Each structure stands twice: as C-alpha cells, then as structure tokens.
Amino acid sequence: MTGTKDEMRAAVRAARRGRSEADREQAAKDLAEWMTCAPLRLEYDVVAAAYVPSGTEPGSRAMLDALTGQGVRVLVPVVPPGAPDALDWARYDPADTLSVARFGLYEPGGGRLGADAVERASVVFLPAMAVSRTGVRLGRGAGYYDRSLGSTSAELVAVVYDDELIDDLPADEHDVPVDWVLTPGGGFLRCEPR
C-alpha cells in the first residue's frame, strides 16, 4: 500500500466494501474470541475504551460484549458537535440500544463522562484504516483519536483486518502511535517502534 494518506484511505475503503458479508462476520467472530485470550489484562477491575464498529469496520458489538462478559468496564466514544476535538465518552452496556449519531457512528444514549474519562482506561481499542508494524495508525483523517489519546498511559490497540497490517505508513508529528495491532487471523501483535 503506497501513496498519500488520502489515497491509502480510499484504497482501504474500496477493499472493505469488496469484502463479503461472510468474511466480515467471520472476522468479527474471531476478533471477539481474541478478547478472551489477550496478552493484556482484561478482567473484572479493568477499564477499557473501545469503538463500536460501524459499516465495514472490523469487529462487532460481540467484541465489546466479550469484554463486559469478563467484567471489564467498557467506555465508548461520543463525537462532540462542531469542529474535530477530543472525543467524549460514555459507558457501554450490552443491554442498551445504540443509536446512529454523527458520521454514522453508534453511540449509547446514557450520560456523558467527559473527554478525560479515557484517562481511566488501561487499554484502548481503536479503529484504523491501516497500521504499520512500527505502530503508525492511519485513521479516517479528522484526528479525533489523536486529540483524545495524546496524554494517556493506556495500551493502545489498533484493530484492522489482516491485510491492513503493513510494513510502513507515513506519519505526521501529531499522530499518536499504537502499542499493539489486533487482527482477526493473527490476534495481538506488539508493535516495534523505530
């Protein structure tokens, strides 16, 4: 995968649209299963932040449900109104109905916890279009996660399909690197910064 960030995003979007429903469902099932054997501590007293997959993003609510099933308190992002800024957060409850919000993302209807709630998380699972083995994450391009995670001490885990883990990606100064990559077929892989 080569080109500008925007060209790479377009290529990933096209490839994701080309995945069969069966492939996406199998990937979501595999990602949920990895939650039960992660090399990170994910048990009863842990707070984890995670995204709610939408469209062709890898994963499903089953990944979040697997975490809550282990007693993990899960926070999910809420996109604030206006220009891109740090994400707000809300608690995820498997019993809650999620509604479609800004950018077609799913959010819970419950109370908001504020942008600093992510500081309580010891692990953050975040969406990516692609990620390099060195921990460079290619997001959607608005910088919401970079604004939200710059000062966190949490382990950052980018979730992508197997073919979206690549050797190298261009990085900007403001890009927050990730510590881990999670893929359906390969599980958790520790990134090796240069």
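Tabulated data
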read-out: Residue check for Glu25: in contact (Cβ under 8 Å) with a residue 60 or more places away in the chain, open to solvent by 20 Å² or more (accessible area, probe 1.4 Å) and either part of a helix (DSSP H, G or I) or not hydroxyl-bearing (Ser, Thr, Tyr) (or both); value: no
read-out: Qualifying residue in the stretch 109-132 (condition: out of contact with any strand residue (DSSP E or B) (no Cβ under 8 Å at 6 or more places or on another chain), in contact (Cβ under 8 Å) with a residue 24 or more places away in the chain and among the small types (Gly, Ala, Ser)); value: no
read-out: Residue match in the stretch 163-181 (condition: of a type in the set (Gly, Ala, Ser) and either assigned to a helix (DSSP H, G or I) or in contact (Cβ under 8 Å) with a residue 40 or more places away in the chain (or both)); value: no
read-out: Residue in the stretch 81-102 that is surrounded by the fewest Cβ atoms within 10 Å (Cβ to Cβ), counting only those that are in contact (Cβ under 8 Å) with a residue 60 or more places away in the chain and not hydrophobic (A, V, I, L, M, F, W, C); value: Pro84
read-out: All positions within the stretch 55-75 that are of a type in the set (Ser, Thr, Tyr) and either under 14 Å from Gln26 (Cβ atoms) or outside any helix (DSSP H, G or I) (or both); value: Thr56, Ser60
read-out: Candidates Ala66, Ala50, Ala62 - the one that is under 20 Å from Tyr145 (Cα atoms) and either buried (at least 18 other Cβ atoms within 10 Å of the Cβ) or touching a Lys or Arg at 6+ places or on another chain (Cβ under 9 Å) (or both); value: Ala50
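The values are calculated or read from the model by the stated rules, or taken from the named source; none is laboratory data. This one's a predicted model, so the numbers in the text were calculated from it and none came from an experiment. Positions of Cβ are generated from backbone atoms using ideal geometry, with glycine treated the same way; all protein chains shown enter the neighbour counts. Heads up: the accessible areas ignore ligands, DNA and RNA and are worked out on the full protein's heavy atoms, side chains in. Shrake-Rupley method; radii C 1.70, N 1.55, O 1.52, S 1.80 Å.
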